[in-house]
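See structure below.
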Amino acid sequence: MIESLSAQEPHRRPFSLAGRAFDLRQTCAANRPAGRDGLADTVSRPSQRVEGDKNKLPQGWKTACLAAAVLLGGCRMASKPVIAVIPRTTALVLWEAEHAGAEAAARKAGYTIYWNAPTSEDDVESQIAIVKRAIENGAQGLVLAPDQPLALMVPIRNFMARGIPIVVIGSPLSIPAGGKLSYILNDEDETGRTAARRIGLILHGHGSVAVLGIDPNVTGIVLRTDAFEEYLQAEFPNLTIADERTGGFNIAQAQEVTEDVMARNPHVDAILALNSSATRGAFIALQHKGLLGKVKLVACEQELIPPLVTGEIDSIIVENTYEMGYRAIEQIAAERRGEAVPAEMKLSPKLVTRENLNTPEVQQMLTMNWSGSK
C-alpha cells in the first residue's frame, strides 16, 4: 500500500480510513497525465491538511474518492521507479541540499524521489519506521543518513537481504560496505583538521577553545573530534582545549551547556561546534551574553548562514551533501543497471566564510532549489 507523503511537506501524516492507510493509488490516477500517477505522484505533490481528527478522512472526500475509483476503473502503477531518500531530519540546509542533489540526479536517471524524515534528529524510532514504510511500499533503492547508526543496523541488514541497493551518506554504520550496501561519506578527518587550522589562524596560535557537541553515538562526529585534537596539538602547541562537552541534537540543552562552559571558562577565546544543534545552542548562548564576535564561533554542518555574513559566526565547515545526494542516486541507478559501483567514497568539506560565501561552488553546496539542474 502506498501512502501519500508529500515531498514538500514530509511531516504530514497520511489520512487513515478504518484504521488503515488511505491508498491514493485507488483514487484518480487513471485520469492523470502520463508520468504523473501512482507512487511518483504521491511523493511529488503536497497533501492537503484537514483540521480535526487526523485519523479520519472527511465523509465527502471518502465518497468522492471511492466514486472516482469505481468510475475510472482502477489505477496504473507509477511510470517511474522510486528511490527513497531519508535524511536525519528535514528543514536544515545540511539536508535540503542533499534533497536538491538527489532530485537533480533522479530527473536525469528517470527516477522519482520519495523524501521524508523525522521532525528531529534524535527521533530514531520514527526514522526506522519511515525506512521500513518506504521499502515496503516498493522503493527500488534507499539513500539514508542515519540518526543513530547502531539502531539502524538491524533494519538495514534486513533490507540488504532483499537485494535493495542502499547508499548510506554522512556518517557510516558499523556494517562493512559490500553487496548492495555502499557509503558516500563526509571526510571527517579533513573536517577536524580544517577546524583546527581555522581556529589556529584566527587566534594566531595562542589561546583556548571549547569543543561542544561530541556525540559518541555518531561515528562521524567522533572522527572529526579526534582529528581536531590531534592536529591542534601537533600544529598549535600553544592552543589549549579548555573544555569538551558531549551533546546530541537538542538545541536548548546545547545552549545550557554553552552557558555552563562560559561560566567555568570566562576567558575562552573560541568555540568549535561539532554539529548544527551545538551551533545553534552556542550562538544563542553567546548572543544572550553579548559575546558574539568576541568569542569566535567555528561551526560544523551548514546552518545559520545569515550570522556568517554579519561576522557573528566566524566560519562554517560545510559538508557537500548536495554531491552526496546526487552521487547516491547515480550509484543506485547504476547498480540497478548491473554496473559496478564504488564501495565507499569520501567527499571533502569546504571552509565557508563571508568572503567565499557567494561563490558558485559554495552556493551549490548550500542550495535548497529542488527544481534546478546540475
Where does each of LYS294, LYS346, LYS80 land when they are ranked from fewest to most other beta-carbon atoms within 10 angstrom? LYS294, LYS346, LYS80
Fraction of alpha-carbon pairs over 25 Å apart in segment 223-374 - percent: 40
With a cap of 10 neighbouring Cβ atoms within 10 Å, and only residues DSSP puts in a loop, list the GluC sites (Glu not before Pro) found in segment 286-374. GLU339, GLU355
Taking the Cα-to-Cβ direction at GLU125 and at GLU244 and moving 7 Å from each Cα, how far apart do the two end points lie in nm? 3.3
Would you compute, for the Cα atoms of segment 189-301, the largest minus smallest coordinate along each principal axis and list the three values in descending order, in whole Å? 33, 30, 20
So, over other residues within a Cβ distance under 12 Å of ASP122, counting Lys, Arg +1 and Asp, Glu -1, the net charge is -4
Just the Cα atoms of segment 72-157: what Rg and Dmax do they give in Å? 13.8, 47
So which aspartates and glutamates can LYS132 reach, going by Cα to Cα under 16 Å and dropping same-chain residues fewer than 8 places off? GLU3, ASP123, ASP147
Checked against a 26 Å limit on the C-alpha separation, the offending pairs among LYS180/LYS346; LYS108/LYS180; LYS180/LYS350; LYS294/LYS350; LYS289/LYS350 are LYS180/LYS350; LYS289/LYS350
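Values in this text are rule-based calculations from the coordinates and carry no lab data. The model shown is predicted, which means the values in this text are computed figures rather than measured ones. When we count neighbours, we look across all protein chains shown, and the Cβ atoms used for this are built from the backbone with ideal geometry, even at glycine.
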